[in-house]
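*Asks:* The following block contains the structure, expressed as structure tokens.
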Amino acid sequence: MPTALIAVAVPYLAALLRVLATAGGRITLPDDLALIDLHVRRAMAFRQQLGVFDHDGWNHPGPAYFYLQSLVYRILGDRPSSLFAGAVLLSGLSALAVLWVVRRRTSATRTLVAAGILCWLGILLCAHGQSAMTYSEGPLGGLASPWNPMVVIVPLLLLMVLSASAVVGSGLSVLGAALVGSVIVQANISSAPLALLLIAVAIVGWVAGLVRHRGSGAPPTAAGRLVAAAGGVLLVLAWLPPVIEQLTGHPGNMTLIARYFSSSRPGQPLSAAWWSLIDVAASAVVGPSQVMARLLGNRPPHMVLGVLALVVAVGSAAASLVVGIRQRRRFAAGLGLVSLVATLGLLVSFSRIVGFIFGYLVVWAVVVPLAALLSLALLGVPERWRTGRPLVVLRAVMVGLVAMASLTFTIAALRTPPTSAASDPQVARLASLVARELRPGQVVAVGDAGAGTTETQLLDLERFIGLVNELDRQGYRPKVNHLWRAQFGPGYQASGHEAASFVLETWTPRSPGSPGYLGRVGDMALFDDVARQAAAPSR
């Protein structure tokens, strides 16, 4: 166990130090990262009830992820670099929890195998650059990304392992699966069908075990009862904010989600879901660029590799289930069962995607084939390998391979681009232009009139969100019009009577001569709307 622990902990520690050491000066975040930063600060004040806003008119189910991040903000300081550090910590602690569960259920050698698979997953997530990310992640790559589709990846692997442990008969694993699954469901609704399915498998498997061994199990210890009680309280607290919002909203967010997914919107044909599943399987080998750089649902570029990876994953899970039952290795059999159910669940889940299949809608599923591979490694080895020289050689080879994987993971983590690279200079420039016109703590309305590129005349959404977040971070009280109410929350809706008001528009050669003009940032022109309205001729 110490070897496996060190092999996984060292790379994540390197990534954490890299994130904190390269933050540089003030970081101004754009787009989804700015929105997450804003919501985490609201969580610090216990004012966040829901997850990130979705462009289809509802929010992701809950704020658990933001409240977890708020703990990191309180420890490391309320600054954007803490957001990236929190993402690394969440993934790293989830990885260590996977090792703990595996060690509780199997041997030290098999825990080493789990460490190797976790290191491989970390190496895949370290990929960065235009082919391995979207704008919402920032340039740091998946390992340090606090973006909700990416941050649930390692916790999802933990959920699969906990579900397998629950099938073996662990009541605490059921509670752990419910807690981890709640964070995943609330943070990213795309992964909710799989997370809910895994929680259901954990509950059904545990109940079936209780019925099968009724009266033969040991009674829970005092420590076990205390942990269960604490976990139950946390579970209730995790779902309390969205339940309150549902009861007080008109309509509530859960109602909006139910209406959206129960409507007659068409999903995906089975062929598109199948190709997406093959894409996911290939990404377990070649990394996130397989799914993040293009639309999915058609023949993927790594089709042969994806089919082979999927066949290996399904074959590994099936072999683990059958052989695990024969060998009485219930944990291996349970993880094999969980992996098979998860693979089928992915196919059904992908077929329910509305609209285009973007990479961020499926990238989290990369852990399913890796879990299937882990289940195979949990099986018993032949009798002739269990003693003497073969066992020594097997362990030596395993330690060597894991050490190489850990070293490669550590180097990849240290090559993560500096955290300061996530800063958007246009957001910083917009914020400085607005702030110099304001008094400390002043309420300010921020509006838009199609600010963006001169070709499209569309709003530069990323910088607009970044501007609102940066003004909020600097202690001002930004407000937005009602169209943005769901995006930012009800506390940010403008009344129309703010003393200071600014508008972003697309810059044109006539902009500098217009009343209230404050400056140009990229293709955007910033105006003092109060001054402009005052200069307008009265009717």
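*Asks:* Quick one: what pairs do we get from the stretch 243-260, first residue under 14 Å from Ile189 (Cα atoms), second among the basic types (Lys, Arg) and at pLDDT below 90, C-beta under 9 Å, 6+ apart or different chains?
*Replies:* No pair meets every condition.
*Asks:* Also, I was wondering about something else. Can you tell which of Ala421, Ala396 is over 25 Å from Ser145 (Cβ atoms), of a type in the set (Gly, Ala, Ser) and either part of a helix (DSSP H, G or I) or in contact with a Phe, Trp or Tyr (Cβ under 7 Å, 6 or more places away or on another chain) (or both)? Full working, then the answer.
*Replies:* Values: Ala421 fails: over 25 Å from Ser145 (Cβ atoms).
The match here is Ala396.
*Asks:* Further, regarding this structure: Has the stretch 254-268 got at least one residue that is part of a helix (DSSP H, G or I), closer than 23 Å to Ala372 by Cβ and among the small types (Gly, Ala, Ser)? Don't jump to the end; show me each part of the working.
*Replies:* The initial filter retains those residues of the stretch 254-268 that are part of a helix (DSSP H, G or I), namely 254-262.
Remaining after also requiring closer than 23 Å to Ala372 by Cβ: none.
Looking for residues that are part of a helix (DSSP H, G or I), closer than 23 Å to Ala372 by Cβ and among the small types (Gly, Ala, Ser), one finds none in the stretch 254-268, hence no.
*Asks:* Here is a further query. Of all residues in the stretch 276-317, count the ones that are surrounded by fewer than 23 Cβ atoms within 10 Å (Cβ to Cβ) and touching a strand residue (DSSP E or B) at 6+ places or on another chain (Cβ under 7 Å).
*Replies:* 2
*Asks:* Please specify each residue of the stretch 28-47 satisfying the condition of being modelled with pLDDT of 90 or more and more than 17 Å from Ala64 (Cβ to Cβ).
*Replies:* Of everything in the stretch 28-47, those that are modelled with pLDDT of 90 or more and more than 17 Å from Ala64 (Cβ to Cβ) turn out to be Thr28, Leu29, Leu33, Ala34.
*Asks:* Additional query: Please go through the stretch 53-94 and pick out each residue that is buried (at least 22 other Cβ atoms within 10 Å of the Cβ), under 24 Å from Ala192 (Cα atoms) and more than 14 Å from the chain's Cα centre (by Cα).
*Replies:* Within the stretch 53-94, Trp58, Asn59, Ser70 qualify.
*Asks:* Moving to a separate point now. Has the stretch 312-327 got at least one residue that is at pLDDT below 95 and outside any helix (DSSP H, G or I)?
*Replies:* Within the stretch 312-327, one or more residues are at pLDDT below 95 and outside any helix (DSSP H, G or I).
*Asks:* Just for helices (runs of 4 or more DSSP H) wholly inside the stretch 53-130: which have at least 3 residues that are farther than 23 Å from Ala332 by Cα and among the small types (Gly, Ala, Ser)?
*Replies:* Details: elements: 64-76, 80-105, 108-125.
Ranges flagged: 80-105.
*Asks:* Picking from Gly475, Gly519, Gly496, Gly491, which residue would you name as being closer than 17 Å to Ala435 by Cα, among the small types (Gly, Ala, Ser) and not in a strand (DSSP E or B)? Spell out how you get there, then give the answer.
*Replies:* Details: Gly519 fails: not in a strand (DSSP E or B); Gly496 fails: closer than 17 Å to Ala435 by Cα; Gly491 fails: closer than 17 Å to Ala435 by Cα.
Just one listed residue meets the conditions, Gly475.
*Asks:* Given (1) of a type in the set (Asp, Glu); (2) over 18 Å from Ala187 (Cβ atoms); (3) crowded, with 19+ Cβ neighbours inside 10 Å, where does Asp32 come up short, assuming only one miss?
*Replies:* Against the list (1) of a type in the set (Asp, Glu); (2) over 18 Å from Ala187 (Cβ atoms); (3) crowded, with 19+ Cβ neighbours inside 10 Å, Asp32 comes up short only on (2).
The values are calculated or read from the model by the stated rules, or taken from the named source; none is laboratory data. Computed from a prediction, not measured in an experiment: that's the story for all the values here. Neighbour counts run over all protein chains shown; Cβ positions are idealised from the backbone, glycine included.
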